[in-house]
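The values are calculated or read from the model by the stated rules, or taken from the named source; none is laboratory data. This is a predicted model, so every value here is computed, not measured. Cβ atoms come from the backbone with ideal geometry, glycine included; neighbour counts cover every protein chain shown. Heavy atoms of the whole protein, side chains included, go into the accessibility calculation; ligands, DNA and RNA do not. Shrake-Rupley method; radii C 1.70, N 1.55, O 1.52, S 1.80 Å.
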Amino acid sequence: VRYHGYLRSLGFGARTGVPLPNEASGLLRPVEKWGTLSMRSLSFGYEVNVTPLQLLNAFSAVINGGMMREPRLVEAVLDQDGVVLEDRPPVELHRVCSEAAARQLRTAMYEVVKKGTAKQAAIPGFLVGGKTGTAQKYVPARKAYADGAYVVTFVGFAESMAGVELMGVVVVDDADVPANKEYGGHLSAPLFRRIAGKILAHRGVEPNPEWMPKNSTLAVDR
């Protein structure tokens, strides 16, 4: 019951409330419908369906120090001269974990990129953290998982000296790649690096020379 409460607190199984039509709620079964292996399956992403926005929103709550916020499509409305006509500040909803727990998770996410499965998400000159995901696709008609068919993900963030600059999630559905490449670290992580790198360059965010690897001069993919 406690674990189910954490999943609900992170927003799984419910619409985020973003002002877009036809948002899906995903699927998180009630505890009474869990089986003997449900805790194990849920711990690595099975027996639950989530949307990319739900995943990113839950991830953002951790990066925001454990505080869940209401997702926004528009930060502010400006006139043609750049004067703010309407400001839409973030709305905090509830706390999902302590700040100490959030810091521990954030540190672990740095290590995923530095030493773990998402090395290809690294952007020279920036701190990057995140988590890869590789889910075997389920075929309802067969009531079984498909061989060689996966949905792979990477959800991550890029940080400059000023703080977190962006977060994003990359989802690749059933990519036609060699069998040894059907993983989030091989597919989604490098796509995140390329997309995030271009956004950072477009915004003019400078890399930190102290975070650049040795013999590297390329800050971002251009």
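Can you say whether Ser216 is under 10 Å from Gly125 (Cβ atoms) and either at pLDDT 95 or above or touching a helix residue (DSSP H, G or I) at 6+ places or on another chain (Cβ under 7 Å) (or both), as far as the supplied structure shows? Considered against the rule, which asks whether it is under 10 Å from Gly125 (Cβ atoms) and either at pLDDT 95 or above or touching a helix residue (DSSP H, G or I) at 6+ places or on another chain (Cβ under 7 Å) (or both), Ser216 comes out as no. Every residue in the range 178-217 that is open to solvent by less than 70 Å² (accessible area, probe 1.4 Å), under 18 Å from the mean Cα position of the chain (by Cα) and touching a residue at least 60 places away in the same chain (Cβ under 8 Å), please. Gly184, Gly185, Ala189, Pro190, Phe192, Arg193, Ala196, Gly197, Leu200, listed by residue number. Candidates are the residues of the range 24-64 that are among the polar types (S, T, N, Q) and in contact (Cβ under 8 Å) with a residue 40 or more places away in the chain; the one that is farthest from Gly11 (Cα to Cα) is Ser60. Specify the residue that is farthest from the chain's Cα centre (by Cα); the eligible residues are those in the range 13-57 that are loosely packed, with under 11 Cβ neighbours inside 10 Å and among the small types (Gly, Ala, Ser). Among those residues, the one meeting the criterion is Gly35. The lone criterion from (1) among the charged types (D, E, K, R); (2) open to solvent by 30 Å² or more (accessible area, probe 1.4 Å); (3) at pLDDT 95 or above left unmet by Glu159 is number (2). Residue count for the range 58-73 satisfying the condition of being more than 19 Å from Gly163 (Cβ to Cβ) and open to solvent by 60 Å² or more (accessible area, probe 1.4 Å): 2. Candidates in the range 141-177 are the residues that are among the aromatic types (Phe, Trp, Tyr) and under 19 Å from the mean Cα position of the chain (by Cα); of these, the one that is farthest from Ala108 (Cα to Cα) is Tyr150. Right, Gly133: farther than 23 Å from Asn208 by Cβ, modelled with pLDDT under 90 and small (Gly, Ala, Ser) or not? For Gly133, the condition - farther than 23 Å from Asn208 by Cβ, modelled with pLDDT under 90 and small (Gly, Ala, Ser) - is not met. Got a sec? Which of Ala141, Ala146, Ala175 is over 29 Å from Arg103 (Cβ atoms), open to solvent by less than 50 Å² (accessible area, probe 1.4 Å) and in a loop (DSSP other than H, G, I, E, B)? The unique qualifying residue is Ala175.
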